[in-house]
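Working notes, structure below.
A short reminder: the numbers here are calculations on the coordinates, not readings from a lab. Source: prediction; values computed, not measured. With ideal geometry, Cβ positions are generated from the backbone for all residues, glycine too; neighbour counts draw on all protein chains shown.
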Amino acid sequence: MTEHGAPAPGVGVRLRTDVVVIGAGQAGLSTAYHLRRLGLAPNRGYVVLDRAPAPGGAWQFRWPSLTLGTVNRIHDLPGMRFTDVVGDADAEVQAAVAVPRYFAAYERAFQLPVYRPVTVRVVCERDGRLIVETDRFELSARGIVNATGTWEAPYVPEYPGAERFRGRQLHTRDYRTAAEFTGQHVVIVGGGISAVQLLDEVSQVTTTTWVTRRPPEFREGPFDEAAGRAAVAIVEDRVRHGLPPTSVVSVTGLPVTPRIEAMRARGVLHRLPMFSDIVEDGVRWPDGTVVRADVILWCTGFRSALDHLAPLQLRGPDGGIVMTGRLATQVARDPRVHLVGYGPSASTIGANRAGAAAATELTAFLGLR
């Protein structure tokens with residue numbers, strides 16, 4: 001069923017539409033909104049496919065302690081403010097509750113044709129059209145806007161000895177609560193915002209060791225609009241040259257917040273360089289130093305979830321995708337394909353702008369307006 005109650009196509013059915021949006025997170029909903037405003041009719045003109053069981057994108061899977069008071073910021077979708085739905089919600093309200101509520105209201109308000117749960121297995125070309133094969137039905141489309149984000153592609157680097165470790169290894173996306181680690185020594189790997197947030201929580205209930213590949217860079221003072229544009233420009237330049245996008249924190253640095261200051265005061269921001277290998281009961285550095293560990297928490301980020309697009313051969317030999325278009329959302333090798341929530345549009349505010357650009361440029365390229 002769609003969010004609005006219309007019956008979904010049956011198994012084996014093939015539908016024709018002009019544009020398929022894959023993913024109903026911030027970028028996907030923004031794209032759908034702009035397609036609607038450009039005059040495309042729901043279903044016949046465009047559809048949105050979402051793997052999740054309910055509205056909310058990746059937000060619905062976030063850990064319970066990520067609240068409206070601890071999340072960096074929730075940017076409004078175009079045409080409807082977050083506060084119009086949640087009001088002046090308490091800072092302790094879980095983001096995994098508030099954001100899905102907002103997204104659901106947004107889909108209803110603009111009558112977006114979202115089908116879920118639908119998993120896109122592969123996208124290929126056939127007779128000059130793009131065929132989207134899912135676990136429920138097939139779609140034949142003229143263009144694709146991929147907005148699958150990164151949540152489905154957690155990244156854990158390979159280290160010698162990982163298979164020998166007798167403790168527990170988990171990724172950021174597996175984290176639920178710090179209390180489950182009480183009495184255990186936790187090695188937290190990663191220098192991003194999520195790593196620091198989880199280091200803060202876990203270090204309040206048990207002992208931790210913080211490990212990063214590069215020394216973390218903390219950003220003092222406000223992150224103004226000019227700094228934001230400069231950071232986006234760096235990532236955009238990479239994808240326009242076909243290089244894999246870098247993480248946002250590698251460009252912007254970690255903002256110094258009151259929580260960071262409190263962590264400094266507690267002495268938990270002492271960082272160690274990356275270990276060389278993993279042993280049965282801990283991690284080891286090149287000089288032979290071993291730190292015993294019960295848990296290794298990999299806060300090592302995500303990669304773009306693009307495997308379903310592999311038959312289109314969009315990647316270059318180095319694994320990157322050459323992007324073009326006003327906001328670098330259009331794939332140079334196949335202008336019928338746009339990627340939003342990729343590279344410079346991987347932030348929530350960037351996703352809104354990218355959705356508008358992708359919708360405008362794709363419909364113009366396909367002659368739909």
Point to revise | Distance between modelled label sites at Ala332 and His270, nm, 7 Å Cα→Cβ extension | key: 4.8 nm
Review point. Build a GNM of the chain with springs between Cα atoms under 10 Å: which of Ala147, Ala32, Ala52 gets the top mean-square fluctuation?
Key: Ala52
Revision key, fill the gap. Residue by residue through the stretch 165-176, the couplings from Karplus 6.51 cos²θ - 1.76 cosθ + 1.60 with θ = phi - 60°, in Hz, x for Gly and Pro, are 4, 8, x, 10, 10, 8, 9, 3, 5, 8, 5, 10
Exercise for review: Sorted from largest down, give the three principal axis spans of the alpha carbons of the stretch 156-213, whole angstrom values.
Suggested key: 30, 24, 19
**Study point:** Loop trypsin sites (Lys or Arg not before Pro), the stretch 169-219, which have at most 14 other Cβ atoms in a 10 Å radius of their Cβ (DSSP)
**Key:** Arg176, Arg213
**Study point:** 3J(HN,Hα) from dihedral phi, the stretch 33-49, Karplus parametrisation 6.51/-1.76/1.60, rounded to Hz, x for glycine, proline
**Key:** 4, 6, 4, 4, 5, 7, x, 6, 7, x, 6, 5, x, 7, 9, 10, 10
Practice item. List the residues whose amide H sits under 5 Å from the amide H of Thr324, counting only those 5 or more places along or on another chain, with H placed 1.01 Å from N in the peptide plane. Key: Thr329, Gln330, Val331, Ala332
Exercise for review: Work out from phi, with θ = phi - 60° and the Karplus expression 6.51 cos²θ - 1.76 cosθ + 1.60, the ³J(HN,Hα) of each residue of the stretch 123-128, listed in order in whole Hz, and give x for Gly and Pro.
Suggested key: 10, 9, 9, 8, 6, x
Check your understanding: Taking neighbour Cβ counts within 10 Å as the exposure measure, how do Cys124, Cys299 sort from fewest upward?
Key -> Cys124, Cys299
Check your understanding: Which of Tyr46, Tyr175, Tyr33 moves most in a GNM of the chain, Cα contacts under 10 Å?
Key -> Tyr175
Check your understanding: Listing Asp334, Asp135, Asp88 from the residue with the fewest other Cβ atoms within 10 Å to the one with the most, what is the order?
Key -> Asp88, Asp135, Asp334
Review point. Size of the stretch 235-369 along its principal axes in angstrom, Cα-based, largest extent first?
Key: 62, 37, 23
Check your understanding: Using the Cα atoms as the points, what is the convex hull volume per residue of the stretch 96-247 in Å³?
Key -> 238 Å³
Review point. How much length, in nm to one decimal, is gained on full extension between Asp174 and Tyr155, taken as 0.36 nm per residue of separation minus their Cα-Cα distance?
Key: 5.6 nm
Check your understanding: How much FRET efficiency would the formula 1/(1 + (r/R0)^6) give for Val256 and Cys124, where r is the Cβ-Cβ distance and R0 is 56 Å, rounded to 0.05?
Key -> 0.70
Point to revise | Contact order normalised by residue count of the chain, Cα under 8 Å, 6+ apart, percent | key: 22 percent
Practice item. Taking amide H positions as placed in the peptide plane 1.01 Å from N, state which residues far from Val93 in sequence (5 or more) or on other chains have amide H under 5 Å from it. Key: Leu68, Gly69
Practice item. Write down, largest first, the equivalent ellipsoid semi-axes of the stretch 88-129 in whole Å, where each equals the square root of 5 times an eigenvalue of the alpha-carbon gyration tensor. Key: 34, 14, 8
Exercise for review: Quote the FRET efficiency, to the nearest 0.05, computed for Glu92 versus Gln313 with a Förster distance R0 of 51 Å and r equal to the Cβ-Cβ distance.
Suggested key: 0.60
Review point. What distance in nm separates the simple spin-label points at Thr70 and Gln111, each placed 7 Å from Cα in the Cβ direction?
Key: 4.1 nm
Practice item. Would you mind checking which residues have amide H under 5 Å from Leu272's amide H? H placed 1.01 Å from N; only 5 or more apart, or other chain. Key: Trp210, Val211, Thr212
Point to revise | Ascending count of other beta-carbon atoms within 10 Å, so fewest first, for Thr148, Thr209 | key: Thr209, Thr148
Exercise for review: Quick one: work out Rg over Rh on the C-alpha atoms of the chain, Rh as Kirkwood radius.
Suggested key: 0.99
Review point. For the chain, what is the mean residue ellipticity at 222 nm derived from helices alone (per DSSP H run of n ≥ 4: -39500 (n - 2.57); sum divided by total residues; nearest 500 deg cm²/dmol)?
Key: -7500 deg cm²/dmol
